[in-house]
Amino acid sequence: MTRQWFLLLSAAIYTAAWWLAVLWRGEGLIWLCLLLLVHFALSPTRLRDFQLLPLALIGMTMDTLLMYAGVFEFSAMPVWLMLLWLHFLLAMGHCLAWLGNQPVWLQAGAGVIGGAGSYLAGAQLGAVSLPLGNLLTLLLLAPLWAVIIPGFFWLQQRLPGKEGYVSWR
């Protein structure tokens, strides 16, 4: 599979994973895991992709702290959200990698819109409750996501074997 085809596949996998996670939550776990397996079976950079996965712990920790702080409420422990973090980091290494070559302000803006916005969308679809309301939650999440996206690209470039990935500015 060529790199260009894998970029398209990566986008399709991440999009499917987001919808599965948000709409099916715990019932979609097997599908989320299967999509991870498809990614790794077809990825031209498997080893590098495995190196990205520990970075998902940052996002998982952030979400856990926000959950305990009362910003999020879930009906059950959101294992689906942890799997979504893995999918997100893999997407950052492939179909979202172009963003890593953009100025930091654009990366931060994408984080605010795409990152913080995805929680608001998830709330509208019933995946999460936002006890503080949409506006206050957005005001809390926006600066976190404005830092986390450029931060992930910065950390990604510090992993060993960075060939095949974008350079961070």
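Structure notes:
- Any chance L86 is within 18 Å of W145 (Cβ to Cβ) and assigned to a helix (DSSP H, G or I): yes
- Test result for M67, in a loop (DSSP other than H, G, I, E, B) and within 23 Å of W24 (Cβ to Cβ): no
- Within region 51-71, considering residues that are of a type outside the set (S, T, N, Q) and in contact (Cβ under 8 Å) with a residue 60 or more places away in the chain, the one farthest from I13 (Cα to Cα): G70
- Scan region 18-49 for residues that are among the acidic types (D, E) and under 13 Å from L83 (Cβ atoms) and the total you get is 1.
- Where G93 falls short, out of the listed (1) open to solvent by less than 40 Å² (accessible area, probe 1.4 Å); (2) in contact (Cβ under 8 Å) with a residue 60 or more places away in the chain; (3) over 30 Å from L8 (Cα atoms): (3)
- Filtered residues of region 4-27 (kept if touching a residue at least 60 places away in the same chain (Cβ under 8 Å), open to solvent by 60 Å² or more (accessible area, probe 1.4 Å) and within 13 Å of H94 (Cβ to Cβ)): L7, L8
- Among the residues of region 28-43, those that are open to solvent by less than 70 Å² (accessible area, probe 1.4 Å) and touching a residue at least 40 places away in the same chain (Cβ under 8 Å) comprise G28, L29, L32, C33, L35, L36, H39, S43.
- Within region 20-64, being of a type in the set (S, T, Y) and part of a helix (DSSP H, G or I) holds for T61, T64.
The values are calculated or read from the model by the stated rules, or taken from the named source; none is laboratory data. Quick caveat, the model's predicted, so the values are computed rather than measured. As a convention, Cβ positions derive from the backbone with ideal geometry for all residues, glycine included, and neighbour counts pool all protein chains shown. Just the protein is used for accessible areas: all its heavy atoms, side chains included, with ligands, DNA and RNA removed. Shrake-Rupley method; radii C 1.70, N 1.55, O 1.52, S 1.80 Å.
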